[in-house]
Amino acid sequence: MTIRIYDTLTKEKKPLQPVTSGKVGIYLCGPTVYDKAHIGHMVGPVIFDAIKRYLVYSGYQVTWVVNITDVDDKLINKANELGITMPEVAERNIQDYLENLAGVGVDQIDEMPRATECMDEIIAFTKSLVDKDLAYEADGDVFFDCGKDSEYGKLTNRTLASIQGEGGGAAAKKRSAADFALWKAAKPGEPSWDSPWGHGRPGWHIECSAMSRKLLGETFDIHGGGLDLVFPHHENEIAQSECCHGKPMANFWMHNGLLRRSAAGKIGGRAEREQGQGEPESVEQAAAQKLSRSKGAGGLADQIKQFGGETIRFFLLRTHYRSTVLFGDSEMAEAKQGLETFYRFFKRCERVTGESFYTISAATTREEGNFDPHGNAILAQAAEARNDFLESMDDDFNTGGGVSAMFELVRALNKTVDTAKLEDPSARSDADLSAFQRAAATLKELAATLGLFLKPVEDASGADDELAAGLMQLIIELRAEARKNKDWGTADRIRDGLKNLHVVLEDRAGGTEWSVER
């Protein structure tokens, strides 16, 4: 087993070799909580939740940190706009963020430090940079001196001369346009903390350097974030941390592609998602195209209710994490339709085994999941699908390839039900049933490493309306009566009409079942 990860800094895939053998530390840049979360905020957490699950499954002890930026110009402006305090703005949006994380099944985060709770560490980090003459104070502000870092710009291949820097009053205090704020002098009425340079608050970049050092050490394994954070945020993190400590900040810099609204529809969306694992978009392209609050994103809680949290999670995992993800109604419908393939199988599995798919006992570790097919056809197919899944995930956590392997396995399982007549207790063999159950357990094992199908969803078909259920039962009975009377025209018209409404009928030995495909 060798897990290889693409590193944005070196622009190559490298084998995972943890700083401490058997343990992996991950830091993912979290939200600035000035407003409610939107679906774009779920991309990184869902991806890294699956990554942590897979690493634990593969035998590693993992500590995953996601920070909260709860002091920032945007929070201050929002507090003034609403007439409440900055902590009140932060708290209500943190709760919204946590509820939405739970809604899409993200529950593997170990630490969620808040900037305001780490002020001592932030100030101490800033002071060490000043003491080492890597930063300077100017009228209560403190700036990192980029000219003191001979490697500045190595993450994005930028030169100091090419960096414009921020404008405003602070620009006149800088030695160079590229220099960035570590500490900002307090303005009247703003929240502030005491420091060696007077009352003020931290800059954005220093927060992450201080919090990651506090919880993961001076050098840790994986630093993640969206592609839009490569510059300036991660470039500046590298500069201040590596100059301070004289060692690499992280062994891997992982950047997920961003979510953008689809305009081309289903076909264009698929083409985008299948663009492979090459170089991601440029930072500039990502920033220009990403889905954000200002570009119509929002209402995440409503979207979770509309589509379902598992559908959103599946949608985000069915592509490689470095690809741009197109988001729109047609793409969500496509994801939901894909999920229905699994949900229909789960119903079938229960008919065959008498046991809910969700209660099947499955392996929880890579080693435990190994098995010998002993020449059995369905077990051989399950072993092959499992191997394809593991190879995909070992290759830079390619969840899209993993999902494809799961589809192959569920198709094989469905075929086995038909060929071995497993839904007919009088015709099936105990050996075929046992092999089917073992292969189904493999499907559950693989899905669990992605955080999928861990518990039943509420009426996965979307048919939770009692009236709709009653009407469908009436329609099914009318169709059955037409077939009994050999009125094939009426029976076919009912079936075809329902199909046009995305309602699929499945005739079984025990009766006819229906589901909605969206």
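The values are calculated or read from the model by the stated rules, or taken from the named source; none is laboratory data. Model, not experiment: these values are computed from the prediction. Here Cβ is always computed from backbone atoms with ideal geometry, including for glycine, and neighbour counts include all displayed protein chains. With ligands, DNA and RNA removed, areas are computed over all heavy atoms of the protein, side chains included. Shrake-Rupley method; radii C 1.70, N 1.55, O 1.52, S 1.80 Å.
The table below gives the values:
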{"quantity": "Accessible area, probe 1.4 Å, largest first, for residues GLU506, GLU384", "calculated": "GLU384, GLU506"}
{"quantity": "Cβ-derived FRET efficiency at R0 30 Å, ASP302 paired with LEU471, nearest 0.05", "calculated": "0.65"}
{"quantity": "Links that overshoot a 29 Å alpha carbon limit, given the list LYS36/LYS173; LYS336/LYS415; LYS14/LYS127; LYS132/LYS214", "calculated": "LYS36/LYS173; LYS14/LYS127"}
{"quantity": "THR156 paired with GLU481, simple spin-label distance in nm, labels 7 Å along Cα-to-beta-carbon", "calculated": "7.0"}
{"quantity": "Cβ-Cβ FRET estimate between TYR358 and LYS13, R0 fixed at 45 Å, reported to 0.05", "calculated": "0.80"}
{"quantity": "Protection proxy ranking of 492-499, 101-108 - average other beta-carbon atoms within 10 Å, highest first", "calculated": "101-108, 492-499"}
{"quantity": "Packing-based order for 111-118, 370-377, 73-80, using average beta carbon neighbours within 10 Å, highest first", "calculated": "111-118, 73-80, 370-377"}
{"quantity": "Nearest 10 degrees, 0 to 90: helix 377-394 Cα axis against the chain principal axis", "calculated": "10"}
{"quantity": "Among (1) 20, 48, 24, 8, 0; (2) 22, 57, 21, 1; (3) 21, 51, 26, 3, 0, the entry derived from the coordinates for P(r) over Cα pairs in 20 Å bins from 0, in percent", "calculated": "(1)"}
{"quantity": "Restricting the range 1-42 to trypsin sites (Lys or Arg not before Pro) in coil, as DSSP defines it, with at most 14 other Cβ within 10 Å", "calculated": "LYS11"}
{"quantity": "Over the chain, relative contact order from alpha-carbon pairs under 8 Å, at least 6 apart, %", "calculated": "15"}
{"quantity": "Sulfur and carbon atoms: percent of accessible area, the chain [1.4 Å]", "calculated": "48"}
{"quantity": "Structure-based [θ]222 nm, the chain - -39500 (n - 2.57) summed over DSSP H runs of at least 4, per residue, nearest 500", "calculated": "-14500 deg cm²/dmol"}
{"quantity": "Acute angle (nearest 10 degrees) that the helix 430-449 long axis makes with the longest principal axis of the chain, alpha-carbon atoms", "calculated": "20"}
{"quantity": "Relative contact order (percent, whole number), the range 1-114, Cα cutoff 8 Å, 6+ residue spacing", "calculated": "31"}
{"quantity": "Separation in nanometres of the label points that stand 7 Å from Cα toward Cβ, at GLU458 and ASP194", "calculated": "5.1"}
{"quantity": "Share antiparallel - DSSP beta bridges, the chain, percent rounded to 5", "calculated": "50"}
{"quantity": "Cβ-based charge dipole, the chain, positive-most Cα from MET472, PHE48, GLY140", "calculated": "MET472"}
{"quantity": "FRET E, pair LYS415, HIS374, Förster distance 25 Å, beta-carbon r, rounded to 0.05", "calculated": "0.80"}
{"quantity": "Charge context of PHE315, other residues only, Cβ under 9 angstrom, K/R +1, D/E -1", "calculated": "+1"}
{"quantity": "By average C-beta atoms within 10 angstrom, highest first, the peptides 92-99, 410-417", "calculated": "410-417, 92-99"}
{"quantity": "Using alpha-carbon coordinates, inclination of helix 399-419 to the longest axis of the chain, degrees", "calculated": "10"}
{"quantity": "For the range 55-192, accessible area per residue (1.4 Å probe, heavy atoms of protein chains only), Å²", "calculated": "47"}
{"quantity": "Long-range amide H partners of ASN67 with built H, under 5 Å", "calculated": "LEU28, GLY30"}
{"quantity": "Label-point separation in nm, ARG493 to ALA138, each point 7 Å along Cα→Cβ", "calculated": "8.1"}
{"quantity": "Theoretical gain in end-to-end length, PHE407 to ALA124 [0.36 nm per residue, Cα-Cα removed]", "calculated": "96.7 nm"}
